[in-house]
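Beneath this line is the structure, given in structure tokens, with notes to follow.
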Amino acid sequence: MKMTIGKKLGLGFAILLVILLGLSIFNYITLKTMQRLQDEGAERSTHAVEASMTSRLGDYAYSFIADAIINRNLKESEKDWNEAKEKAYLELKKINQIVDTEAERTMNEKANKAFDKIVSFVEDQLYPALKKETVDINLLQAIDEKIDIQKEIIKENLNNIRNSLQLEQKKADEEFDNDISTAILITIIMVLLGLGIGIITAYLIGRSITRPLTRAVEISESISQGDLTLVIEKEYLEKKDEIGVLARAMNEMINKLQEVVENIQGAAYAITAGSESLSSSAEQMSQGSSEQAASIEEVSSSMEEMASSIKQNADNSSATEKIAKKSSIDAKESGEAVTQTVKAMQEIVEKVSIIQEIARQTNLLSLNASIEAARAGEHGKGFAVVASEVQKLAERSQNSATEIDKLAKTYVGTARTAGEMLEKLVPDIQKTSDLVTEINAASGEQNNGVQQINTAIQQLNSVAQENAAASEGLASTAEELSSQAFQLKEVISFFKINNENNKPMYKKTTQNTNMKKIEKKNLTHKTEYQQNKKIVNHKESEIKGKKIDLGEVEIMDDNDFEKF
Amino acid sequence: MEKQEAADKIQEVKQYLTFTISDEVFAFDVLKIKEVLEVSKITKVPKTPKFMIGVINLRGSVVSVIDLRLKFDMEVKGFTVDSSIIIVEVQYEGELMTIGVLVDAVKEVVKLEAHELEAPPKFGMNLNSDIISAIGKKGDLFIIILDIQNLFSEKELSFSKQEDISMLLDTIKQEKQAENKE
């Protein structure tokens with residue numbers, strides 16, 4: 001059983017071919033032998049005919065002699081005789097060649113000797129006799145008798161040779177017949193042997209192919225039914241021929257299929273889980289994008305408010321600008337007013353200086369009066385009083401004038417300062433006005449910016465809405481994916497595989513999905529989720545523990561089942 | 001009765017005209033003063049003592065004007081509105097002579113009683129004590145009462161008459177040296 005089917009078949013066919021070849025060779029040889037035998041037979045019969053023909057040689061010679069005696073044309077007869085003699089020798093030579101047995105050879109020699117005697121009779125006795133003028137009939141008769149005897153001897157011997165040849169022919173024929181029957185027998189035996197070997201080989205090979213093939217078909221059918229739990233028998237697997245290769249290949253195929261199915265199952269579970277998480281993510285994203293949209297709307301409204309405030313700003317700033325311009329003009333006017341005031345004050349000061357002058361002169365006069373009064377002594381006493389009164393008045397008016405002067409001077413200074421300040425104020429106001437104009441321009445730019453931002457926000461809003469739509473689409477896709485994964489699971493569950501690793505894996509995935517679901521639920525209550533994160537984690541760990549327990553139980557069950 | 005008492009008082013009470021030079025208050029006896037004038041045009045006279053700044057026309061008569069600042073070796077300042085010329089009478093060679101004294105400002109005519117007067121300090125004064133007759137006290141204010149006769153002594157006036165200024169200056173130097181020695 002160590003040979004491959006090819007080799008086996010080859011061997012079987014080789015045996016058959018050898019048999020066939022042997023048979024053919026044998027038949028060929030037999031046929032060749034037969035051909036030879038037949039040829040020999042044919043030759044022999046020809047020889048027999050020739051012998052019988054040659055047996056009449058004497059007769060021929062005799063007829064010649066007779067002719068020679070009768071015709072007495074010696075020359076012609078001699079010529080004929082020589083021809084006949086040559087011919088006869090030729091024939092005898094032929095016979096000499098034909099003969100193969102000792103007996104025949106002696107007979108042939110006898111015939112030859114007899115013919116030689118005839119020749120010598122003819123040439124030594126007959127010719128001289130004939131050449132004589134007178135023919136001695138008695139002599140002729142004697143010669144004739146002698147020739148006759150020899151003629152008979154030739155006849156007899158050659159006939160004997162013919163008979164012997166015929167006998168031989170007969171014997172050969174028998175041999176031929178024997179050979180044919182032997183050949184037929186051997187052929188039949190060989191054919192039967194060949195048939196037997198062929199049938200046995202065919203049976204054996206066929207059996208060795210069909211049984212495993214049947215098994216292979218069975219396995220293939222069961223695989224087609226989705227059963228991958230089959231185990232290919234060891235005897236097939238350990239075979240070293242093509243069946244073994246096939247069995248191993250099928251085993252490999254089953255293993256690979258199992259692996260693939262496992263992987264697909266795993267993948268299907270993973271896809272389920274993934275699609276669920278994707279779905280949740282998509283939902284989250286959708287929520288997020290709707291929140292985003294809301295935020296964007298808020299931002300938009302804020303931006304609008306901002307725009308309006310900016311517009312107000314712009315209005316205010318333009319109003320401010322106007323006011324500033326007016327203020328500038330007013331300040332200029334004020335400056336002029338102050339200048340006028342200063343002039344007025346200076347006039348006042350001038351006027352006051354006149355008063356002061358008058359007061360001073362009055363004072364001087366009063367002093368002089370006082371001096372006069374003092375010099376007058378007792379008489380100037382009253383006058384002195386008047387003078388001192390006048391002096392007091394002058395002093396008062398002087399003081400008042402000085403005060404006024406001081407005040408006026410102070411105020412002139414103040415007014416001048418005020419004027420200077422106002423003059424300074426004018427460019428400041430102008431600057432303010434310019435700045436306000438710039439602010440106005442900036443407000444305009446801001447307004448433009450805000451409008452751009454608004455459009456950008458609009459775009460953002462549309463993008464967010466698209467996002468929301470896209471995420472909804474994603475969610476639906478995820479749902480579809482989930483259903484597809486479920487279908488895939490359904491489809492792949494068609495395959496039965498004997499792998500206990502699957503169940504825990506499945507459990508794991510379901511557990512994951514459950515977790516995802518919990519998360520999803522929690523995510524819907526975002527704040528709560530944030531607040532209860534610890535609790536949720538605790539819950540999750542609890543769930544995990546439970547699920548793992550279940551998984552273990554399942555494994556145990558499986559193991560038990562396997563044991564049973 | 002009352003009038004009598006008042007007259008007595010007048011006898012006791014002397015009147016003085018106060019004026020200022022460089023914020024210091026000086027006074028002349030009213031009885032020596034003829035009148036007070038504003039500063040009018042002062043005509044400069046060549047070859048006169050340095051403190052004599054020129055002459056003025058007082059109702060037709062020529063009156064010499066002396067700058068007290070120069071007299072007191074004080075820093076010379078320009079005229080102000082308050083600058084006044086006090087016309088005083090000085091005994092010179094047995095006859096009354098009228099002299100104008102330029103001061104920074106004329107204040108008032110004050111009455112000072114005897115108890116309000118004190119003798120001038122003997123030394124430590126910048127001015128010759130001869131020219132100070134007394135120091136009056138009016139509240140916190142001190143009034144330096146100048147003796148007009150001594151201030152414009154014959155010698156000085158004569159010097160002022162002399163045309164040798166260098167001599168006058170020498171004399172003044174000597175005087176100052178003497179003062180310093182004192």
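The values are calculated or read from the model by the stated rules, or taken from the named source; none is laboratory data. None of the values given here were measured: they were computed from a predicted structure. Here the Cβ positions follow ideal geometry from the backbone for every residue, glycine too, while neighbour counts run over all protein chains shown. Accessible surface areas use protein heavy atoms only, side chains included; no ligands, DNA or RNA. Shrake-Rupley method; radii C 1.70, N 1.55, O 1.52, S 1.80 Å.
A few comments on the model shown:
- Full-stretch length increase - A:ILE25, A:SER302 - with 0.36 nm per residue and alpha-carbon distance subtracted: 88.3 nm
- Listed residue pairs exceeding 30 Å between alpha carbons, taken from A:LYS409/B:LYS107; A:LYS7/A:LYS496; A:LYS8/A:LYS496: A:LYS7/A:LYS496; A:LYS8/A:LYS496
- Shielding value for A:371-378 is 6, the average number of Cβ atoms from other chains within 10 Å of each residue's Cβ.
- Pairwise label distance in nanometres, A:ALA142 with A:GLU43, each label 7 Å out on the Cα-Cβ vector: 4.6 nm
- The ellipsoid equivalent to the alpha-carbon distribution of segment A:266-425 has semi-axes of 95, 18, 9 angstrom, derived from the gyration tensor eigenvalues as √(5λ) and listed largest first.
- Taking only Cα atoms of segment A:333-465, radius of gyration then Dmax in Å: 34.3, 120
- Kirkwood estimate for segment B:44-105, i.e. one over the average of 1/r between Cα atoms, Å: 12.3 Å
- Loop-located GluC sites (Glu not before Pro) in segment A:58-156, at most 16 other Cβ atoms within 10 Å (DSSP): A:GLU133
- Geometric descriptor of segment A:156-195, per residue, is 26 Å³ (volume of the convex hull of the Cα atoms).
- Note: relative contact order over chain A, using C-alpha pairs below 8 Å and six or more positions apart, is 20 percent.
- Computed with a 1.4 angstrom probe on protein heavy atoms, the A-B interface buries about 1500 square angstrom of accessible area in total.
- Within 10 Å of each Cβ in B:108-118, the average number of Cβ atoms from other chains: 2
- Distance between the 7 Å Cα→Cβ label points at A:ILE70 and A:ARG36: 5.1 nm.
- Residues B:VAL39, A:VAL18 ordered from highest to lowest accessible area at a 1.4 Å probe: A:VAL18, B:VAL39.
- The GluC sites (Glu not before Pro) of segment A:357-398 that meet both conditions, a loop assignment by DSSP and at most 12 other Cβ atoms within 10 Å of the site Cβ, are A:GLU378.
- The P(r) of segment A:292-365 has a tail past 19 Å containing 70 percent of all C-alpha pairs.
- Based on protein heavy atoms only, segment A:286-327 ends up with 62 Å² per residue of surface accessible to a 1.4 Å probe.
- Globularity index of segment A:111-202 is 2.43 (Cα radius of gyration / 2.2 N^0.38 Å, N = number of residues).
- For the residues of B:81-87, the average number of beta carbons from a partner chain within 10 Å of their own beta carbon is 2.
- Alpha-carbon spread of chain A, three principal axes, descending order, Å: 274, 81, 36
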